[in-house]
1. Which one is nearest to A36 (Cα to Cα) among residues in the stretch 78-128 that are touching a residue at least 12 places away in the same chain (Cβ under 8 Å) and aromatic (F, W, Y)?
Amino acid sequence: MTIENQGKPGNTGLKRIIKATGYSIQGLKAAFKHEAAIRQELVLLCAAIIALIWLDVSPIETVLMLGVVVLVLIVELVNSAIEAVVDRVGVEHHELSGRAKDIGSAAVLVALLFAGFTWAFILISHYW
């Protein structure tokens, strides 16, 4: 068996990319529909974009400030996926299920703290 045949069977090339993009769009729609935290973080992202239009920061700082907010959204998407899988496995309490959800939540908290620190550091260095 060659290396090319060792992956998952099915679509390859452009067709695979198109299908994967469709699945990603479905995931974004599902997250928006079912997860309040995703909707809240999208509002945060919109507010950040509006703020960055008015702030006098360098292009690199703009990318950093926007990037950390996008990072929060990315981590929340992963956390929501973890929660969905855990909930699919069963609704009864299990130590590992609780741990998985708590760790996912902690990842979101760390991303939020990092975003807050980045914004504060850049704004304080510019305006204080």
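1. Checked the stretch 78-128; the qualifying residue nearest to A36 (Cα to Cα) is F114.
Matching residues to (1) surrounded by 12 or more Cβ atoms within 10 Å (Cβ to Cβ); (2) in contact with a helix residue (DSSP H, G or I) (Cβ under 6 Å, 6 or more places away or on another chain); (3) at positive phi:
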{"residue": "A20", "(1), (2), (3)": "no, no, no"}
{"residue": "A30", "(1), (2), (3)": "yes, no, no"}
{"residue": "E35", "(1), (2), (3)": "yes, yes, no"}
{"residue": "L42", "(1), (2), (3)": "yes, no, no"}
{"residue": "I50", "(1), (2), (3)": "no, no, no"}
{"residue": "W54", "(1), (2), (3)": "no, no, no"}
{"residue": "P59", "(1), (2), (3)": "no, no, no"}
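Rule-based calculations on the coordinates, nothing more; no lab input. This is a predicted model, so every value here is computed, not measured. We place every Cβ from the backbone using ideal geometry, glycine too, and count neighbours over all the protein chains shown.
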